[in-house]
Structure formats: structure tokens, C-alpha cells
1. Is at least one residue of region 71-80 under 15 Å from the mean Cα position of the chain (by Cα), surrounded by fewer than 15 Cβ atoms within 10 Å (Cβ to Cβ) and in a loop (DSSP other than H, G, I, E, B)?
2. Can you tell me which residue among Thr2, Thr46 is in contact (Cβ under 8 Å) with a residue 12 or more places away in the chain and more than 15 Å from the chain's Cα centre (by Cα)?
3. Given the residues Ile83, Ile67, which is the only one that is touching a residue at least 24 places away in the same chain (Cβ under 8 Å), out of contact with any Gly (no Cβ under 6 Å at 6 or more places or on another chain) and either open to solvent by 50 Å² or more (accessible area, probe 1.4 Å) or among the charged types (D, E, K, R) (or both)?
4. Quick one: would you say Asp22 is over 12 Å from the mean Cα position of the chain (by Cα) and surrounded by 12 or more Cβ atoms within 10 Å (Cβ to Cβ)?
5. Could you count how many residues in region 1-34 are more than 15 Å from Ile67 (Cα to Cα) and in contact with a helix residue (DSSP H, G or I) (Cβ under 7 Å, 6 or more places away or on another chain)?
Amino acid sequence: MTVYSQYDVVEKEGKHYMAVFDTYGFSPEHGELRGWKKINGTVPVTSSSAPSNPDVGQQWLDTVSGILFEYVDDGNSKQWLAIS
């Protein structure tokens with residue numbers, strides 16, 4: 001049985017997933033209730049505060065709330081958007 005630590009990133013069938021807490025016995029496609037978040041293929045920054053100079057498309061996992069954000073440009077402004 002494979003044990004994954006919080007923030008480990010794995011690829012399965014071309015999709016990337018990150019462990020949101022220490023987990024074992026469940027594949028990433030089992031989802032968030034089993035400790036996994038799907039990510040866009042890049043390893044997100046993990047910290048308790050947002051990166052200060054992000055690039056559009058960059059992801060950040062807030063280690064306090066467990067929420068995954070992506071930095072987006074909607075044409076009027078750039079901001080962090082919760083994606084899960």
C-alpha cells in the first residue's frame with residue numbers, strides 16, 4: 001500500500017492530483033473526501049499567504065483553509081480565484 005504525504009503530487013492517466021492530507025489506500029480519482037485535489041498540471045505554491053508576484057495561471061494552495069486558488073486575468077483585473 002502506498003502512503004502519500006500532504007502536498008505530494010501524482011500523475012494518473014495524464015491528470016495531476018495533490019494530496020491535501022496524509023493518505024493511503026485511495027487512488028487520486030477518489031477525490032477530495034479521500035484526500036486528493038485535482039490540479040492543472042503545475043505544482044501549486046503551498047503557503048498560508050498568497051504569493052506576492054504571481055503569474056496568470058499560477059496555483060496556490062492555502063495551507064490554512066485547504067482551498068486551491070488560481071491567479072486569473074478576467075480582462076478587467078487580476079485576482080486569486082478559488083477553484084476547489
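1. no
2. Numbers: Thr46 fails: more than 15 Å from the chain's Cα centre (by Cα).
Every option except Thr2 fails the conditions.
3. Numbers: Ile67 fails: touching a residue at least 24 places away in the same chain (Cβ under 8 Å).
The conditions single out Ile83.
4. Details: over 12 Å from the mean Cα position of the chain (by Cα): yes; surrounded by 12 or more Cβ atoms within 10 Å (Cβ to Cβ): yes.
Spelling it out, Asp22 is indeed over 12 Å from the mean Cα position of the chain (by Cα) and surrounded by 12 or more Cβ atoms within 10 Å (Cβ to Cβ).
5. 4
The values are calculated or read from the model by the stated rules, or taken from the named source; none is laboratory data. Quick caveat, the model's predicted, so the values are computed rather than measured. So basically every Cβ, Gly included, is an ideal-geometry build from the backbone, and we count neighbours across all protein chains shown. Each accessible area value is taken on the protein alone, full model and side chains, heavy atoms only, with ligands, DNA and RNA left out. Shrake-Rupley method; radii C 1.70, N 1.55, O 1.52, S 1.80 Å.
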